[in-house]
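Following: one structure in structure tokens, then a few remarks.
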Amino acid sequence: MSETFPVFDGHNDLLLRLWRNPRAREAIWLEGEGRGHLDLPRMRAGGFAGGLFAIYVPSPPDPAIDYDARMDAPPYDLPLPPLIGHEAAGPAALAIAGHLLWMERAAPEAFRLCRSAAEIRAAMADGVVAGVMHMEGAEAIDAELDALHVFHALGLRSLGPVWSRPTIFGHGVPFRFPGDSDTGAGLSEAGKRLVRECNALRVLIDLSHLNAEGFDDVAALSDAPLVATHSNAHALTPSTRNLSDRQLDLIRERSGMVGLNFATCFLRRDGRRSPKMGWDELAGHLGHLLDRLGEDGVGFGSDFDGAELPQGIGDVAGLPALQAALRERGYDAPLLRKLCHGNWLRVLERTWGG
Ligand code: ZN
């Protein structure tokens, strides 16, 4: 019997699902209601040890654009929603963070909010799922960065200056296929202050969703390992959301890492959002990331509850099937352990301090 390793994961959107269904949150979290990708029973079934749980404030839907239909039929070039000010985003972000704190209150024996690598290791040793508070897009943070300190005090340990929509800090990539991330201006002055303050607080700065100029600004300013929590290889799937070889080389130089995104539109060579795919394309991306970043620079960044996944994974309970597919392709136990959690723990520890 081959060993299956617990998986620590770089990105999920369960909090958005809970926030959108507050009256059903107990059923969703504790029992699982048969939809979405994450809940406690399926985390246990899949060996999900923990991960970064994103606070993401959605834009009001634009009824004129059917995003899913367009991504089902590349090429596509989707307009980004307008900026949301921190006065509007702040209360929503607090409410979403509130769901993360509630997850621990609702199941303290099964889930723990963790603020250090030591706390994650302790949770894993106890068989308790380790949640880390992440913010995907800094809309809720004001230009003076006071709210950054508030969220840090709540447990925030990872932050992306942008989801794709612009913020006062910088610009994200539009969803475009084919396309690259060289889409305009980099970080604003406030964005540069945000990077320095995240360094001072030892909050991880997530490069996923940033455009090329913004990526280079973070690389120039930050003293932390460079990390993209959920992105793939542009050389294989030329989506704006995927990383160029130059960016991957920079991440390697800076002892950082990339979490492999399971979203089909970033894995499939044709850029289509469709689950009908085998393991080859996923293994291709993983192989390319390993070639550029080395064995210490790659982990998983599933995008559970935020994306369409390959049929072989399906949901979090499919993680053992993913590991089996990789074993079949020659991945040995030491490498699988690094991919499944070893690299995330090491990079988080370096970023956050001991
Ligand atoms: Zn994302």
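The values are calculated or read from the model by the stated rules, or taken from the named source; none is laboratory data. This one's a predicted model, so the numbers in the text were calculated from it and none came from an experiment. Neighbour counts are summed over all protein chains in view; Cβ atoms, including those assigned to glycine, are modelled from backbone coordinates with ideal geometry. Please note that ligands, DNA and RNA were not included when accessible areas were found on the heavy atoms of the full protein model with its side chains. Shrake-Rupley method; radii C 1.70, N 1.55, O 1.52, S 1.80 Å.
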_Scan the range 280-287 and tell me whether some residue there is touching a residue at least 12 places away in the same chain (Cβ under 8 Å), touching a Gly at 6+ places or on another chain (Cβ under 9 Å) and away from the ligand (no atom under 16 Å from the Cβ)._
yes
*Does G131 count as open to solvent by 10 Å² or more (accessible area, probe 1.4 Å) and either in a strand (DSSP E or B) or modelled with pLDDT of 95 or more (or both)?*
no
_Among (1) out of contact with any strand residue (DSSP E or B) (no Cβ under 7 Å at 6 or more places or on another chain); (2) in contact (Cβ under 8 Å) with a residue 40 or more places away in the chain; (3) charged (D, E, K, R); (4) surrounded by fewer than 21 Cβ atoms within 10 Å (Cβ to Cβ), the one test that E139 misses_ = (4)
*Restricting attention to the range 173-204, and to residues there that are open to solvent by less than 40 Å² (accessible area, probe 1.4 Å) and within 16 Å of the ligand (Cβ to nearest atom), which single residue is farthest from A228 (Cα to Cα)?*
F177
*Which condition does E104 not pass, out of (1) open to solvent by 10 Å² or more (accessible area, probe 1.4 Å); (2) in contact with a helix residue (DSSP H, G or I) (Cβ under 7 Å, 6 or more places away or on another chain); (3) not in a strand (DSSP E or B), if it passes all the others?*
(2)
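Checking the conditions here, which among T264, T229, T240 is within 16 Å of the ligand (Cβ to nearest atom), open to solvent by less than 10 Å² (accessible area, probe 1.4 Å), without any contact (Cβ under 8 Å) to a residue 60 or more places away in the chain and of a type in the set (V, I, T)?
Working: T229 fails: without any contact (Cβ under 8 Å) to a residue 60 or more places away in the chain; T240 fails: without any contact (Cβ under 8 Å) to a residue 60 or more places away in the chain.
Only one candidate passes the filter, namely T264.
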*Collect the residues in the range 25-63 that are within 22 Å of C114 (Cβ to Cβ), surrounded by fewer than 19 Cβ atoms within 10 Å (Cβ to Cβ) and either modelled with pLDDT under 95 or aliphatic (A, V, I, L, M) (or both), keeping them in residue-number order.*
L30, A45
*asked:* Among the listed residues V258, V218, identify the single one that is more than 15 Å from the ligand (Cβ to nearest atom), modelled with pLDDT of 95 or more and surrounded by 24 or more Cβ atoms within 10 Å (Cβ to Cβ).
replied: V218
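Would you confirm whether or not the range 107-116 contains a residue that is basic (K, R), crowded, with 18+ Cβ neighbours inside 10 Å and in contact with a strand residue (DSSP E or B) (Cβ under 7 Å, 6 or more places away or on another chain)? Break it down stepwise before answering.
So the first thing to find is which residues in the range 107-116 are basic (K, R), and the list is 112, 115.
Still in the running and crowded, with 18+ Cβ neighbours inside 10 Å: 112.
Of the ones still in play, those that are also in contact with a strand residue (DSSP E or B) (Cβ under 7 Å, 6 or more places away or on another chain) are 112.
Scanning the range 107-116 turns up at least one residue that is basic (K, R), crowded, with 18+ Cβ neighbours inside 10 Å and in contact with a strand residue (DSSP E or B) (Cβ under 7 Å, 6 or more places away or on another chain).
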_Tabulated pairs, the range 198-216, first free of Cβ contacts under 8 Å to residues at least 40 places away in the same chain and hydrophobic (A, V, I, L, M, F, W, C), second within 14 Å of the ligand (Cβ to nearest atom) and open to solvent by less than 10 Å² (accessible area, probe 1.4 Å), C-beta under 8 angstrom, 6+ apart or interchain_ = F215/L207
*Write out, first by first residue and then by second, each pair whose Cβ atoms fall under 9 Å of each other, whose residues are 6+ apart or on separate chains, and whose first residue, in the range 36-56, is within 20 Å of G342 (Cα to Cα) while the second is within 15 Å of the ligand (Cβ to nearest atom) and aromatic (F, W, Y).*
F48/F304; G51/F300; G51/F304
*Within the range 330-343, identify whether any single residue is at pLDDT 95 or above, in contact with a strand residue (DSSP E or B) (Cβ under 8 Å, 6 or more places away or on another chain), away from the ligand (no atom under 16 Å from the Cβ) and of a type in the set (S, T, N, Q), and answer yes or no.*
yes
*Do we have any residue at all in the range 299-312 that's assigned to a strand (DSSP E or B), within 16 Å of the ligand (Cβ to nearest atom), at pLDDT 95 or above and among the hydrophobic types (A, V, I, L, M, F, W, C)?*
yes
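Open to solvent by 30 Å² or more (accessible area, probe 1.4 Å), more than 16 Å from the ligand (Cβ to nearest atom) and at pLDDT 95 or above, is that true of L145?
On the way: open to solvent by 30 Å² or more (accessible area, probe 1.4 Å): no; more than 16 Å from the ligand (Cβ to nearest atom): yes; at pLDDT 95 or above: yes.
No; evaluated as a whole, the condition is false for this residue.
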*Is there a residue in the range 205-215 that is surrounded by fewer than 19 Cβ atoms within 10 Å (Cβ to Cβ) and more than 16 Å from the ligand (Cβ to nearest atom)?*
yes
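For D66, state whether it is out of contact with any Asp or Glu (no Cβ under 7 Å at 6 or more places or on another chain), open to solvent by 50 Å² or more (accessible area, probe 1.4 Å) and touching a residue at least 12 places away in the same chain (Cβ under 8 Å). Walk me through it before giving the result.
On the way: out of contact with any Asp or Glu (no Cβ under 7 Å at 6 or more places or on another chain): yes; open to solvent by 50 Å² or more (accessible area, probe 1.4 Å): yes; touching a residue at least 12 places away in the same chain (Cβ under 8 Å): no.
In short, no.
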